[in-house]
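See below for the structure under consideration.
The values are calculated or read from the model by the stated rules, or taken from the named source; none is laboratory data. Computed from a predicted structure; not experimentally measured. No Cβ is skipped: glycine too gets one built from the backbone with ideal geometry, and neighbour counts run over all protein chains shown. Surface areas here come from the heavy atoms of the whole protein model, side chains and all, with no ligands, DNA or RNA. Shrake-Rupley method; radii C 1.70, N 1.55, O 1.52, S 1.80 Å.
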Amino acid sequence: MAAATDDAGDSNEMIRVVSSDGEHFEMPEAAANLSLVLRHMIEDDCADAAGIPLAVVAAKPLAKIVDYCTKHAAKSSGLTIEEAEELKRFDAEFIEVDTDMLYDLLVAADFMGVEGLSKLAVQRTADLIKGKTPEQNRETFGIVNDFTPEEEEEICKENEWAFQITKPPSRLC
Amino acid sequence: MAHRSALGRDGEKMAAPADVVLPVIRSRQFSQEVFTRILTRLPLKDAVRTSVLSTAWRDLWGRLRPPDDSLEVEYKPANSTVGQLQMLERRKGRHLKRFSLVIHDVDETSGGLLRRFLEYAVECTAEDLRIGLHSEAAKKNPSFEFPLSCHLASLTLCRLNLDVPIFGIVQPFSSLVKIQLHTVSIIDEVLCGVVKLSPRLRIIELLYCSRLTEIIVPPGLKRNLTRLIVAECDNLRRVVVVPEPDSSLRCFHYSGGSLSQFHLPCDTSLTELYFCCKSILTLRHLQVFKEWFRNTLPLLSNVTVLTICSNTLQIVSSLRRAGANADLAVLDNFQSLTGLRLLVSEYLKAIDLDNIYVFLKSCHRPNLTKLLVQLPQISDRLFEEDLLGTLQEKEPEVGLDKLEEAKIMNFNWQWHRYELQLVIFLLKKVRSTCRLLLVCPRILKFEELGLKEAELSVIQAALANGQLVVVQISSNTPAGVRS
């Protein structure tokens, strides 16, 4: 019975989670509540001393997510303008990660239902795609081009206006 | 909940529908939701370009883009527009349900390009064609010719200049069902030509077409007008709809000045009537409308929603005032009415309240559930209190038994006692479950209105039990107006 001991909302209850590679983490209940999945588990009394197992989230991204949630939970309500600014700066720094970590966060945030983080990671991924040639994007994302040259030409031709200008900055329309 | 079921210890990834192959990024799998979010945060051009990354990305894009049978073109004089046109022209021969062309701006080269876009719509046998000019483009008053397909079912034009008979048409629009013109500079001959050539036309909507002086709908083979809307066409003088044997007009909406000829066959099929005649000096100007109402009133038994201005109410009530007993026979109309909206152009006068009473009295089978009285916004011009007018009519006993909601917009308590009288009348007559909403431009203090003790207590009781609700909206009137 980890949850619902305190109605005031700022319970000091710590929630334990376990990464896919078996590492244990702890965060305040308010932080865990930012994850839809964890919130449901807590509501269903599934949070115990053994910790909630997160089967597809490895320790490295989980540590980041715990950080993110703890920071955001602490500042969740009644933000002053300065605090909102500070949180924005935190987000901007937080998402300055290498692409491997970015994809891990993208998967994990989506899986755990952490809306704010999911948005942040999606935006960062979109920024990586923006203004790049298809070849550059294939490289960034490790995509294997499985088109025949004819198929590829056909697609380019069909949407020629989108493929015409290939050098960034390319947004003329 | 997908997230929870995916929480199993076996580490299974979230599954997409079996037949969908989602792209993989650096050997990680994402839900379709994540891809959708990424693509929708990209500029269109970048999003389209992802379709060439791999087959999985192409399919992803294909699932996201809008259905192929509808095309929207945002036109601006720019090179990209030419590119888009060329791209389209390579895909001739497809069928389009809808083609919409929004023209943001034009230059001297635009006429030809716009024509090509519209020729493309004809080639694609577009059923629903919409052409609209933004105000910037409309200022330049461009006039360009364009062809119209005989497959067209619906035509919507906004802010277009159709001065000249530019529809180079000889073949009839055998499929055209609906025509909607908003602020279109169309002349009588052109409109008449289109209507004549459209034997199946059922819906005509003409708004702010200020060059029209007459609207004539001749009989058509299979034409069955169900909806006719004519609003704010300032120079209109004649509306003539030649009756069809099985006419079934269901909705008629007129808003504008007086007409010299008004011929519109209506029968019991009419369910929605909106009638608002403006800037009338005397009722004599409304003789044409009065005649129409005299002939049509007995047929309006199926109208469920009625919207009329105070001038029209005056006509209707004058026909229904019990003076001429012979008329009483035709008074059993509006028996299906569920919604009444009254548009008051000045302020509520004794005669208006009288007319409302007469109207309610002659509703023999009242099913009225909603009543809206729309008063004018406070203007710079202050109206004098209606001191001369006196109420002639007694309050009706019945007529509001089923009312569920009454609303008075722009309730302007400070000067006009008949507005207050209407409120008190409503409070006395409606059931306790009926809510009365007053929307006022300024703070309302009932105690300071010089109400009689009895009236004040009725209002205060209604306020206390929540039956009367007062909402204050901010008014954009200068503060000086009050003094």
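Considering region B:78-113 alone, what residues qualify as being exposed (fewer than 15 other Cβ atoms within 10 Å of the Cβ) and of a type in the set (Ser, Thr, Tyr)?
Of everything in region B:78-113, just one residue is exposed (fewer than 15 other Cβ atoms within 10 Å of the Cβ) and of a type in the set (Ser, Thr, Tyr), namely B:THR109.
Check off (1) within 23 Å of the chain's Cα centre (by Cα); (2) in a helix (DSSP H, G or I) for B:GLU136 and give me the number that stays unchecked.
That leaves (1) as the condition not met.
Report, by residue number, each residue of region B:114-132 that is in a helix (DSSP H, G or I) and open to solvent by 40 Å² or more (accessible area, probe 1.4 Å).
Hits for region B:114-132 are B:ARG115, B:ARG116, B:GLU119, B:VAL122, B:GLU123.
How many residues are under 24 Å from B:THR268 (Cβ atoms), part of a strand (DSSP E or B) and either at pLDDT 90 or above or open to solvent by 40 Å² or more (accessible area, probe 1.4 Å) (or both) if we restrict to region B:227-253?
9
Looking for whichever is modelled with pLDDT under 90 and either surrounded by fewer than 16 Cβ atoms within 10 Å (Cβ to Cβ) or away from every other protein chain (no Cβ under 11 Å) (or both) here; the options are A:LYS75, A:LYS60. Which one fits?
Testing whether each residue is modelled with pLDDT under 90 and either surrounded by fewer than 16 Cβ atoms within 10 Å (Cβ to Cβ) or away from every other protein chain (no Cβ under 11 Å) (or both) leaves just A:LYS75.
Do the conditions hold for A:ASP146, that is, is it charged (D, E, K, R), touching a helix residue (DSSP H, G or I) at 6+ places or on another chain (Cβ under 7 Å) and within 29 Å of B:SER54 (Cα to Cα)?
yes
For region B:59-85: of the residues being under 18 Å from A:PRO134 (Cβ atoms) and under 34 Å from the mean Cα position of the chain (by Cα), which is modelled with the lowest pLDDT?
Ranking the candidates gives B:ARG65 first.
To keep it simple, each residue is scored yes or no on (1) closer than 26 Å to B:PHE144 by Cβ; (2) not polar (S, T, N, Q).
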residue	(1), (2)
B:ASP188	yes, yes
B:CYS192	yes, yes
B:PRO199	no, yes
B:CYS209	yes, yes
B:VAL217	no, yes
B:THR226	no, no
B:VAL230	no, yes
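In region B:438-454, which residues are open to solvent by 50 Å² or more (accessible area, probe 1.4 Å) and modelled with pLDDT under 85?
Hits for region B:438-454 are B:ILE443, B:LYS445, B:GLU447, B:GLU448, B:GLY450, B:LYS452.
In this structure, does B:ASP386 turn out to be of a type in the set (D, E, K, R), buried (at least 16 other Cβ atoms within 10 Å of the Cβ), within 21 Å of B:LEU343 (Cβ to Cβ) and modelled with pLDDT under 85?
Yes: the conditions hold for B:ASP386.
Six or more apart or on different chains, Cβ atoms under 7 Å: show the pairs whose first residue is in region A:109-123 and within 8 Å of chain B (Cβ to nearest Cβ) and whose second is exposed (fewer than 15 other Cβ atoms within 10 Å of the Cβ).
Listed by first residue and then by second, the contacts come to A:ASP110/B:GLU33.
Taking A:ALA49 as meeting all but one of (1) closer than 24 Å to B:THR50 by Cβ; (2) open to solvent by 60 Å² or more (accessible area, probe 1.4 Å), write down the number of the exception.
Only one criterion in (1) closer than 24 Å to B:THR50 by Cβ; (2) open to solvent by 60 Å² or more (accessible area, probe 1.4 Å) is unmet by A:ALA49, namely (1).
Give me the residue from region A:161-172 that is at the interface with another protein chain (Cβ under 8 Å from one of its Cβ atoms) and open to solvent by 100 Å² or more (accessible area, probe 1.4 Å) and, out of that set, modelled with the highest pLDDT.
The residue in question is A:GLN164.
Open to solvent by less than 10 Å² (accessible area, probe 1.4 Å), under 19 Å from B:SER27 (Cβ atoms) and within 14 Å of chain B (Cβ to nearest Cβ): is that true of A:ALA55 in this structure?
For A:ALA55, the condition - open to solvent by less than 10 Å² (accessible area, probe 1.4 Å), under 19 Å from B:SER27 (Cβ atoms) and within 14 Å of chain B (Cβ to nearest Cβ) - is not met.
Please determine, by comparing only the residues of region B:37-58 that are farther than 15 Å from A:GLY131 by Cβ and of a type in the set (Lys, Arg), which one is most open to solvent (accessible area, probe 1.4 Å).
B:ARG58
Within region A:124-160, which residues are open to solvent by less than 70 Å² (accessible area, probe 1.4 Å), facing chain B (nearest Cβ under 7 Å) and either among the β-branched types (Val, Ile, Thr) or touching a residue at least 60 places away in the same chain (Cβ under 8 Å) (or both)?
Selection gives A:THR125, A:ILE129, A:ILE143, A:ILE155.
Checking the structure you have, find out if any residue of region A:98-107 is within 30 Å of A:VAL37 (Cβ to Cβ), within 14 Å of chain B (Cβ to nearest Cβ) and not in a helix (DSSP H, G or I).
Taking every residue of region A:98-107 in turn, at least one turns out to be within 30 Å of A:VAL37 (Cβ to Cβ), within 14 Å of chain B (Cβ to nearest Cβ) and not in a helix (DSSP H, G or I).
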